[in-house]
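Novice: Quick one: the structure is below, and I'll ask about it shortly.
The values are calculated or read from the model by the stated rules, or taken from the named source; none is laboratory data. These figures come from a predicted structure and were not determined experimentally. Don't worry about glycine lacking a Cβ; one is built from the backbone with ideal geometry, like all the others, and counts go over all protein chains shown.
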Amino acid sequence: MMLDRHESHENLNPKARDSRDAAVSAERPLADREVPLPGVSAADTAADTVQMWLDGEATEMEARAENDKAVEFWARVAKDTDTMRQVKAPAHFTANIMAALSAKAPLAD
């Protein structure tokens, strides 16, 4: 985790500012690294299993066993998204837009 320092550095010269920040960084341990814990699998929670299913790393059956409601939600989102992708504007729609444009409007190159 990165901690923001909220002190003003405007009045410090750049060399003092850099050495001051380096000293503080050297004192703090690195806590932002992901380290695997022994005995802990990647899918310890239902949310992790559903996320693995969404990423293609787990089967739908495994995800449903953990959280059926979330799988139903994401399946519905996928179905609705697919339906929306197939929606096309009526053929006359483009013609109506072009007719509404001014004749003096510049043409795109």
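Novice: Of all the residues that make up the range 35-56, how many are outside any helix (DSSP H, G or I) and either surrounded by 14 or more Cβ atoms within 10 Å (Cβ to Cβ) or modelled with pLDDT under 90 (or both)?
Specialist: Here the count works out to 11.
Novice: Now a separate question. I need a count of the residues in the range 58-92 that are of a type outside the set (D, E, K, R), without any contact (Cβ under 8 Å) to a residue 24 or more places away in the chain and within 24 Å of ALA47 (Cα to Cα).
Specialist: Qualifying residue count, the range 58-92: 12.
Novice: Would you please name the residue that is surrounded by the most Cβ atoms within 10 Å (Cβ to Cβ), looking only at residues in the range 57-109 that are among the basic types (Lys, Arg) and assigned to a loop (DSSP other than H, G, I, E, B)?
Specialist: Pass one, the range 57-109, residues among the basic types (Lys, Arg): 64, 69, 76, 79, 85, 88, 104.
With the extra rule that they be assigned to a loop (DSSP other than H, G, I, E, B), the set shrinks to 88, 104.
Working: LYS88: 7, LYS104: 5.
For the range 57-109, the residue satisfying everything is LYS88.
Novice: Check the range 1-20 and report whether any residue there is modelled with pLDDT of 85 or more and hydrophobic (A, V, I, L, M, F, W, C).
Specialist: no
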